[in-house]
Structures are given as C-alpha cells and as structure tokens.
Amino acid sequence: MPLSARAAVLLGLLGVLRHGGASGLLELSLGKFRNVLLNQTNPVEAVIRNIASNVTVVIFQVHAQQSDVVISFDKNPSANSSGTGVDKGLVSILRPQQTVCTWYLQSLRASQVLSTAISIPYMEKDPIPGGCNLEFDLEVDPNIYLDYTVVDIQLKFAPANLGYTRGANPPSCDSGAGQNSRWRLRYDVYQYFLPENDLSEMVLMSHIRKMSEVQSIKANGIKMLTLTTDDKTNVYFSALPGQGVIYNVIVWDPLWNTSAAYVPVHTYACSFADLVDNCSSLSKLSTKVFFTALAILGLFTCFFGHRFWKTDLLFMGFIFAGFFFFVFITRVTGLGYDVRLILTAVAGILGGLFLVATWWRFGSVLLSMFIIGLVLGFLFSSTVFFTPLGDYRVFRDDVVFWVTFSSVALMIPVLFVGCPRILNILASGIVGSYAVILAIACYVYTSLAYITLDLLRRILNDYFSRAYTNVPFQTNDFIILSVWTMLALSGVTVQLRRERSEVPFPPHPYVTWKQERERRSTNVLDPSHHIPPLRERIHNKILHIKEFFQKEQPAGERTPLLL
C-alpha cells in the first residue's frame, strides 16, 4: 500500500477518534468515507445533516475486514430494521422536508473493530437497489449476499425498483413487464482484485472505496456480465482462497440513463480464525511435499528429458496416471485429502513405471508419444480456457466445453505426429517447467496455478460450469510467468542443440537385448561368447566373497600322520 494512502487512512481514523469516537457520535458528509472503531458495548450514532432537497434516497454502508458489525435504524436492532455482516448497508427513503438521517453502528466483539462508513445520495430518477426485495428481511435491501466454498463463490441480491420523488408511493414491483416498469432495468456485475499476498485491513479499507460509487466502480472494476430482469439475480465465481476480491452491482435505468450501486462485498474465500489452513497458510504440508518433489523431477525433465528417455516417460506417465486416478478416487470415495494425495502419488509412480515397461517390452514410441502429446495438449487447452475465452457464455454448456477442450488437446499430438522428437522436447520443456510453477504456488500466491486447478474443479464439481473463472494478473504473476517462459525456452533450446546430431530415440532395449544374446550364442569368435551364464557368474561371486572371509590355513603338512 502506498505510504500516502496509508497515512490518509491513519489520519482519517485519528480524526474519527478525536471528533466522534469518544462521545459515540459520528458526523458524516454525503459521499465521504469515515473510519470508525466499533465495539460491542458502546454503539456509535452516525448522523448526516443538511441533506439537500433533491436527494430522495441515501444508502448508508459500513465495512470491516473479518468481524461482523451491526447497522440499524434504531438503537435496539430488529430483524427488519438492521443488518449484520462485514459489508452491510441500509436504504433511507427520505420524507418531504427531511434533512437529517441517523443510523446506529456496533460490532459483535468486545474488542475494537476497525471499519469504514460512507453515505451515498441518489436522486428521484436513479433506480433504488433492492427496492423490490421479496427474499430477505429488510423491506428495501441494497446488500449483496455472499457465500463461498473452496471451489466457488455465490452472489445473491434483491431486484431494484424505479426511483421516485419524496412522499410519492413507490412504483409497483409486479405491474406489467413493459418499459414503464422495473423490468427495463439492467444489472452490471463488477469484480475488483485486491493486491496479491496482502491481507491487511488498511489495504481493504482504501480499496473498497473504489467499488462503492458508480463512477469509481466503472473506472476501477472489471465488468464481468450484465443481467436483465428476466435473469436470476445470483451469480457464481470461482473461489481464489487467500486472494482478496471485491464485488459490486450497478443497476442501470436505460430510459433515464441513470445508475445506482449496491453495497460492495468482499471475500478472501478463507477463514482468518482457523488455526490450520487459514488465510495466511493455505497450502497443506502434504501438498508442498508432493509438488516440490514433482518440481524437482520436472526441472530435470525440462533440460534432460529427451536424453534420459526413461526418466521422461516416468515423469509423463506419473502426471497422466496420477491426474486421472485423483479424479477417480475423489468422485467415488470419501477419503481425506492427504490420503487421496498419497494414493495419487503411488498410482502416478505405477503409471510411470508401466509406461517405461511398455516401451521396454514392445518398443512402441508411438504409444509413448501419444501419452506425452496428450499431457502437453491438456496443458495447452487448459491455458486457452484460462484466458477470457473461457468465460464466454457458450462454454457454460458442458457438452460444448468438453468437445472443444478435447479437440484442442488432441490437436497437439496430431500436429506433431510426423516429428515425435520435437514433440517430446517441447513437452518435457513446457510441462517440466510448469511443474516448477505449481511448486512455487504452494508457497507464494500466483494465478498461474489456476490454469490446471480450474480444469480439475470443472471435472470434480458438477456445477462449476456456472462460475466465472476470471483471476488477477498482477506483478507477482508477471514475474512467475517470466520464470516459466525462461525455463521452458531454455530447456527446449538446450535439448534441441544437444540432440540435433543424435538418433531421434534410443533403440528398443528388448530387441537389442535379444539380438545381443543371439549374437553371443552363435558367434564363437566373439569374446563375450565365452562369458559364463549369469547364474554361474553370481555363484562364483558368492564363492569369492566367502573365501575372502575364511580363515587362512597354516603352512606345512596338511595330511594326518601315519601311525
């Protein structure tokens, strides 16, 4: 966080403590943020005075990082006059001649909680967020309700209503579906990423201001989709544990070309309170060990994969078998994560050994290269859908997605069917270097891990297709992407230069062994023809070892004396 922004936040907080914190009164101005310390025992009264007559609605909202706060119209909160959460707001519909608004704030913790508050005014032609609420407790509910799992995030909000003048009756929410009703309204959903690897309160307080007002949201947020009144007002996004994200919705009235913003909501898709697997330490020890070992083998394969052909087969077979085995046991069993990861490692090793043994016995380079090409093809296809292309609505359909994904993946082995050595060198360089990136992701957050993680989520979760998979791409990701690119280019270049004068692939070991055995058995002039069989050589070695440990007999007469 820049020093100037941090200083501004701290000065604002000191101003609150100096002017309102001690007396329990918080004086606000429309459109201005104020930081305030809340606790459970002393509610804070927030007041706005001298509201202009052209203002018809005021949305008051308060935000905290991880501790729930209560915002209410009354000193004694009730279900239909208050809201509780880390991001909550209330809509005040102004009466004629009303110039003052009052709300009450407190936290649910005895200790002090840092929060930030703002009140935003709207005019009579501006739509009213949550004005047609039929699902939640508040009569007019401008809040976005967020639920998350380790896989996805769900946003829900109440439909808006048309604006109206002070003292008038609100437009009916159910009257017709024409251009003179709320059905003409449109909803734009925006996403904003906090700085990576930064979980501080100050950063959240400064950045959530960018997602509270309409113009600021449009300038800083990423527009993800637009909903009409015919669509359900719930949206799904892929979860990014440990990465702070802010969401908001702008409701737009196309007739008057006016807009209003809901109350922004944020999440880190993790818990700050958990002792294990909290927001500061998301990767399990088993995950770190698994991917660190895979990265070591991948780094070796990146530079020496084609030269050490059997090691390359072991690496690719491990990835291919391990991936599908993990999918299988996750879908059909309820085993814990650590157990599944251990079994996946075992299955991967067996799969790699099977690929090596198959090549040794049958010498099928075609089969081996098809598996290697599929691994590279899956990574390439996952990278294609990692781009904004993957969020196109047409790919919400599982049939369309999997047909397209498989076609792109199969394109790689088909294109390189005539040059298997080039394919193997490209696969070992690109896939081997990506294994290093996955290991880095266990220790430092990077969005590049979601190239393959989002594919795994889509396979394992039936409803993940409805989630938008946009991820941040910040300085940290550019650095790690540069590392991946340099490793891949270096590995491919080194192998191409070293292998250009060598045979494309090593000779078939089983055929070579049979030919050598036949040559030794028929060519008596070959010195190796006179080499004893393996069993006899082992027996001789054992005898030699025994003689080494036998006690030496004394010199002299060794026969018994004749009587």
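The values are calculated or read from the model by the stated rules, or taken from the named source; none is laboratory data. No experiment lies behind these values; they were computed from the predicted model shown. Cβ sites come from the backbone with ideal geometry, for glycine too, and all protein chains shown count toward neighbours. Calculation scope for accessible area: heavy atoms of the full protein, side chains included, ligands and nucleic acids excluded. Shrake-Rupley method; radii C 1.70, N 1.55, O 1.52, S 1.80 Å.
For the stretch 147-247, what number results from the quotient of the Cα radius of gyration and 2.2 N^0.38 Å?
Taking N as the residue count of the stretch 147-247, the ratio is 1.32.
Cα-Cα over 23 Å: which of K288/K310; K75/K156; K88/K210?
From K288/K310; K75/K156; K88/K210, over 23 Å: K288/K310; K75/K156.
Got a number for the accessible area of V214? Probe 1.4 Å, square angstrom, nearest 10.
20
Just read off the accessible area of F290 with the full protein assembly in place, 1.4 Å probe, to the nearest 10 Å².
40
Starting from the Cα coordinates of the stretch 35-157, work out the convex hull volume and express it per residue in Å³.
116
Projecting each Cα onto the charge dipole of the chain (Lys/Arg +1, Asp/Glu -1 at the beta carbon, about the Cα centre), which of N169, W183, G418 comes out farthest on the positive side?
Selected residue: G418.
What does the charge add up to near F290, with Lys and Arg as +1, Asp and Glu as -1, over the other residues with Cβ less than 13 Å from its Cβ?
Overall, the nearby charge balance is +2.
In whole Å, what three semi-axes, largest first, describe the equivalent ellipsoid of the chain built from its Cα gyration tensor (square root of 5 times each eigenvalue)?
Largest first, the chain gives 68, 28, 19 Å.
Tally Lys and Arg at +1 and Asp and Glu at -1 over the other residues with C-beta under 12 Å from the C-beta of T102: what net charge comes out?
-1
Per residue, what accessible area does the stretch 122-249 have, given a 1.4 Å probe and all protein chains present, in Å²?
41
Where a ≥ b ≥ c are the square roots of the eigenvalues of the C-alpha gyration tensor, would you call the stretch 118-167 rounded, which needs a/c under 1.5, or, failing that, prolate if a/b is larger than b/c, or oblate?
Verdict is prolate for the stretch 118-167.
What Kirkwood hydrodynamic radius do you get for the stretch 158-314 when you take the inverse of the mean 1/r over all pairs of distinct Cα atoms, in Å?
19.7
Amide H of A260: which non-local residues (sequence gap of 5 or more, or other chain) have their own amide H closer than 5 Å, using H built in the peptide plane?
Under 5 Å from the amide H of A260 lie the amide H atoms of V251, each far enough along the sequence or on another chain.
How large is the accessible surface of E139 in square angstrom, using a 1.4 angstrom probe and rounding to the nearest 10?
Counting only protein heavy atoms, E139 exposes about 150 Å² to solvent.
At 222 nm, what value in deg cm²/dmol follows for the chain if DSSP H runs of at least 4 each add -39500 (n - 2.57) and the sum is divided by all its residues, to the nearest 500?
Dividing the helical sum by the residues of the chain leaves -13500 deg cm²/dmol.
If you average the alpha carbon positions of the stretch 24-102 and of the stretch 340-411, how far apart do those two centres end up, in angstrom?
First find each Cα centre; the distance between them is then 54 Å.
Rounded to a whole number, what % of the accessible area of the chain do carbon and sulfur atoms account for, probe 1.4 Å?
62
Could you give the DSSP H helices of the chain that reach 24 angstrom or more along their long axis (alpha carbon positions) and whose average Kyte-Doolittle hydropathy is no lower than 0.5?
Taking the DSSP H segments of the chain (at least 24 Å long, mean hydropathy at least 0.5), we get 285-304, 309-332, 337-362, 365-386, 398-415, 420-441, 475-499.
Just to confirm a number: summing +1 for Lys and Arg and -1 for Asp and Glu over residues other than V113 whose beta-carbon lies under 14 angstrom from that of V113, what do you get?
Spelling it out: positives minus negatives among the neighbours equals -1.
Apply the Kirkwood formula to the stretch 340-496: the hydrodynamic radius equals the inverse of the mean of 1/r over all pairs of different alpha-carbon atoms; give it in Å with one decimal.
17.2
Can you bin the stretch 293-344 into rounded, prolate or oblate? Criterion: square roots of the alpha carbon gyration tensor eigenvalues sorted a ≥ b ≥ c, rounded for a/c under 1.5, prolate for a/b above b/c, oblate for the rest.
In terms of gyration-tensor shape, prolate.
Tell me the relative contact order for the chain as a rounded percent, counting alpha carbon contacts under 8 Å between residues six or more apart.
Relative contact order, the chain: 11 percent.
What residues have an amide H closer than 5 Å to that of I144, excluding those fewer than 5 places away on the same chain, when H is modeled at 1.01 Å from N in the peptide plane?
Amide H neighbours of I144: V263.
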